[in-house]
Amino acid sequence: MTSRALLLIALAGSIAAGCREADPAPREDRASRQIDEQLTPSAAVPAREGVAAAIVIDVSGSMDDDVRGADGRRERKIEVARRAARDLVEQFARYAEQHPDEAVVLGLYEFSRRRGEPDCRPVIPMGPPDRERAAAAIARLDADGGTPIGQAIITAKRELDATGVTRRHLLLVTDGENTDGFRPERVVEAIGRRPEIERPSIYFVAFDIDANRFARVRDAGSLVLPAANAQELNTTLDALLTGKILVEK
């Protein structure tokens, strides 16, 4: 092989390596554009005073594992999540009854990566709190699949946009790190670039997982709180509702 041929081969290898090194940036840019597109509301909705909350619960496979319950015994995390969800609905329902002149809108969503299903699915679509409807729907929650946290945040944010309600809150409970789709910190960052009316307060509850795993989510603009067991989950959710979400105007 001639020296000229060797030089051409070396140049080709260098160019290919350079292209491989340059690939991540375009992929990141493409992901950012996709996130921005998905976060953009499909239609303008008239604003109205009130409070709206999207409660987003991880139902991935790890939620079938055990955690220490409020009484000290072990129980499945999905059972703890069901009980917590019922308590949340009850608190919203009581608040709505006590504030009949205020729009109170609640949506409950589950998220996991499952074949043939959306990553984030409504358990109770956005609407006035309904205890009976919620109880039946929450009882059907089951644990299976991966953990697409970023996509769950996008879906919940769009559901909040559709309400037009001025005070918007997104509360997500997860027991694991993101395994599928957009990284949650990228989504939270993108929400921070949206118009103010579209930016919900985001609360991220790390259930039976070190909250420091979500430091990037916190740095992007979300309030990240730990909940090591069932008792701490109940306490954390109660504190968020009474101190951040269901507060007097």
Filter the stretch 85-104 for residues that are surrounded by fewer than 17 Cβ atoms within 10 Å (Cβ to Cβ) and either in a loop (DSSP other than H, G, I, E, B) or among the polar types (S, T, N, Q) (or both) and give the result.
Gln98, His99, Pro100, Asp101, Glu102
Residues of the stretch 201-227 classified as over 27 Å from Arg94 (Cα atoms) and either surrounded by fewer than 16 Cβ atoms within 10 Å (Cβ to Cβ) or without any contact (Cβ under 8 Å) to a residue 12 or more places away in the chain (or both), total:
7
Residues of the stretch 120-137 being outside any loop (DSSP other than H, G, I, E, B) and closer than 30 Å to Ala220 by Cβ, in sequence order, are Cys120, Arg121, Pro122, Val123, Ile124, Pro125, Met126, Gly127
Does any residue of the stretch 52-63 turn out to be surrounded by fewer than 16 Cβ atoms within 10 Å (Cβ to Cβ), small (Gly, Ala, Ser) and over 22 Å from Ala230 (Cβ atoms)?
no
As an exercise: evaluate Val104 against (1) touching a Lys or Arg at 6+ places or on another chain (Cβ under 7 Å); (2) under 18 Å from Leu237 (Cβ atoms) and give the number of the one condition it does not meet.
(1)
Candidate set from the stretch 146-183 (those that are small (Gly, Ala, Ser) and in contact with a Lys or Arg (Cβ under 7 Å, 6 or more places away or on another chain)); member that is farthest from Glu110 (Cα to Cα)
Gly164
Conditions (1) farther than 24 Å from Arg82 by Cα; (2) touching a Phe, Trp or Tyr at 6+ places or on another chain (Cβ under 7 Å); number of the one not met by Ala206
(1)
Please verify whether the stretch 167-185 includes one or more residues that are aliphatic (A, V, I, L, M) and touching an Asp or Glu at 6+ places or on another chain (Cβ under 7 Å).
yes
Candidates Glu198, Glu189 - the one that is modelled with pLDDT under 95, farther than 23 Å from Ser62 by Cα, surrounded by fewer than 19 Cβ atoms within 10 Å (Cβ to Cβ) and not basic (Lys, Arg)
Glu198
Suppose we keep only residues that are closer than 16 Å to Ile55 by Cβ and not aliphatic (A, V, I, L, M) within the stretch 139-160. Which one would you say is surrounded by the most Cβ atoms within 10 Å (Cβ to Cβ)?
Lys157
If we keep just the residues of the stretch 45-82 that are touching a residue at least 40 places away in the same chain (Cβ under 8 Å), of a type in the set (D, E, K, R) and part of a helix (DSSP H, G or I), which is nearest to Arg113 (Cα to Cα)?
Asp64
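The values are calculated or read from the model by the stated rules, or taken from the named source; none is laboratory data. Keep in mind it's a predicted model, so treat the numbers as computed, not measured. Heads up, the Cβs are rebuilt from the backbone with ideal geometry, glycines too, and the neighbour counts pull from every protein chain shown.
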